[in-house]
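A quick write-up on the structure given underneath.
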Amino acid sequence: MRILEAISQMAGKYFAFWVIGIAIIAYFMPDPFLFLNSYITLLLGVVMFGMGLTLKLVDFKLVASKPLPVIIGVLAQFLIMPLVALAIAVALRLPNELAAGLVLLGSVPGGTASNVMVYLARGNLALSIAMTSLSTLLAPIATPLILLTLAGQWLPVDPIAMFLSIVQVIIIPITLGVLIRRVFPKAVNKSSTVIPLISVVAIIVIVSAVVAANVESIATSGLIIFSAVMLHNLMGLLLGYVTAMLMKLDESKRRAISIEVGMQNSGLGVALSTAHFGPLAALPNVIAAVWHNISGPILATIWSKKPVDLKEDVPVNPIKPQVQKAGNK
């Protein structure tokens, strides 16, 4: 078990490097990875099941006790990111599938890697977890409606089918994870340090599959779509912080909302875009899986060196989040 824990910690710590490495290998040698496209939905379900194993009812306590910051953050996430994605897609004149994929990236809920980034950035961890949880629960309704409104101009959107897909790959696995944690808490706690390894492997396999299926598209559109994803992420981080500042929230909450708004569940984006739009639309989400795990740690490192005011209500969490190390999923 200790060996697995050590491997799991290393996998989480160097997640971005693993993703970049497997993406390069899949790009130059795509054939061995092509068959993995059939398992993307299943693999994302595994990641979401791992998330469910870490959730507790107390994680939702903040939504009921102090709902305003959570509501502000989730609204900012589902408004800012899709609209910014739309503006970038139009400004850069992206091809239809890439444009729809970028808007999809902006329409999915927050990624669990954001919780780790908030923790490292000395942000409000309770707010971050509450935002991730709430936005994930709202995703079956919010994501299809946003896509129908903003991306329907490029590709046909079936909101009912997408709703069912999100329930299948997110809600059901998370619910199973929560139930198993409730029934077997001791067993789950003992294995909690190994769960990130499973999630990291799943995400790496997803990235390799999509890169292998899009070698030609990456060669022709790689630079422009990387620029679009990078700009989308940076604008989300900035506008999330500005929104929290305008609402006069304290510094710890500003950091949490900034990171939550800027980092999406790119794994869900890959699964949905592959299933409903085609493999090319998954490309922005694959690039996001890499870039978010570069920009997030950089920002967290900068903020970690600038402590928030001790008078501010920053929750002290003695246990560093584990599963969320598994990348931007």
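Every read-out reported here was derived from the displayed coordinates using simple, explicitly stated rules and does not represent laboratory data. None of these values were measured; they are calculated from a predicted model. Cβ placement follows ideal geometry from the backbone for every residue including glycine, while neighbour counts extend to all protein chains displayed.
Using the Cβ-Cβ distance between Met29 and Leu234 with R0 = 30 Å, the FRET efficiency computed as 1/(1 + (r/R0)^6) comes to roughly 0.40. Remark on Gln264: its backbone amide H falls under 5 Å from those of Gly111, a criterion applied only to residues 5 or more positions apart or on other chains, H modelled at 1.01 Å from N. If R0 equals 22 Å, the separation of the Cβ atoms of Ser304 and Ile20 corresponds to a calculated FRET efficiency of about 0.45. Determine the sum of side-chain charges near Met247: Lys and Arg each +1, Asp and Glu each -1, restricted to other residues whose C-beta is under 11 angstrom from that of Met247. Charge balance near Met247 sits at +2. Each peptide in 140-149, 97-106, 20-29 receives the mean, over its residues, of other Cβ atoms within 10 Å, and ordering these scores from highest gives 97-106, 140-149, 20-29.
Going by the alpha-carbon gyration tensor, a ≥ b ≥ c the square roots of its eigenvalues, is the range 193-289 rounded (a/c under 1.5) or, if a/c is not under 1.5, prolate (a/b greater than b/c) versus oblate?
oblate
Which shape class applies to the range 116-205: rounded if a/c is under 1.5, otherwise prolate when a/b exceeds b/c and oblate if not, where a ≥ b ≥ c are the square roots of the Cα gyration tensor eigenvalues? Prolate, because a/c is 1.5 or more and a/b exceeds b/c. Counted residue by residue at 0.36 nm each, then reduced by the alpha carbon distance between them, the extension gain from Leu83 to Ile172 reaches 29.2 nm.
At 0.36 nm per residue, minus the direct Cα-Cα distance, what do Val242 and Gln153 gain on full extension? Give it in nm, one decimal, please. Display every interim value, and only then the final one.
On the way: separation 89, 0.36 × 89 = 32.04 nm, distance 2.99 nm.
That pair, Val242 and Gln153, stretches by 29.0 nm at full extension.
Rg and Dmax of the range 14-152, based on Cα coordinates, read 17.3, 52 Å.
Pairs Lys248/Lys305; Lys253/Lys305; Lys66/Lys306; Lys56/Lys306; Lys248/Lys306: which are spaced more than 28 Å apart, C-alpha to C-alpha? The pairs that break the limit, which is 28 Å between Cα atoms, are Lys56/Lys306.
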